[in-house]
Amino acid sequence: MVVCATSDLPPGEKRVVQDDETGISIGVFNVAGEYFALKNVCPHLGAPLCLGNVHATHRPSPVFEFRPDLEGRVLRCPWHGWEFDIVTGKALYDANSRVASYPCTVDENGDIVVSL
């Protein structure tokens, strides 16, 4: 499925699209020049996951010290705040839980293609 031209999805941006054949809704993300696609359904309660905010997370650290991590690659569910790594699809709260992900490539025309 062709999503868009790479020039239409700059770093830090996302696009939510639906495949006409399967009806599957996905979010396509540009994380520092690499493209990733996730199913637009939170495994918790079925929220439209890819409508959530993209940000970083903070790792454990001493009091009054913040250690940001995974800048620009954490997707937070808009309903209940569950967080997922866009690159791996894994939940930050439980490495055994994940959202479905799909391979992305860039074709010879410079279009982002997702394999469902």
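We did not get these values from a lab; they are worked out from the coordinates using the rules stated. Note that the structure is predicted; figures quoted are calculated from it, not measured. Positions of Cβ are generated from backbone atoms using ideal geometry, with glycine treated the same way; all protein chains shown enter the neighbour counts.
In the stretch 2-114, how does Rg compare with the Kirkwood Rh, expressed as the Rg/Rh ratio over alpha carbon atoms?
Radius of gyration relative to Kirkwood radius: 1.00.
How much net charge surrounds Ala95 when only other residues with a Cβ under 13 Å from its Cβ are counted (Lys, Arg +1; Asp, Glu -1)?
That works out to -1.
For the stretch 2-114, what is the relative contact order in percent, using Cα pairs closer than 8 Å and at least 6 residues apart in sequence?
Normalised by residue count, the contact order of the stretch 2-114 is 25 percent.
Order the peptides 78-91, 1-14 from the highest to the lowest mean number of other Cβ atoms within 10 Å of their residues.
78-91, 1-14
Could you please rank Cys50, Cys77, placing first whichever residue has the fewest other Cβ atoms within 10 Å of its Cβ?
Final ranking by Cβ density, sparse to dense: Cys77, Cys50.
How would you order 23-31, 101-109 from highest to lowest mean count of nearby Cβ atoms within 10 Å?
23-31, 101-109
So, counting K/R as plus one and D/E as minus one, what does the shell of residues with Cβ under 11 Å around Cys104 add up to?
-3
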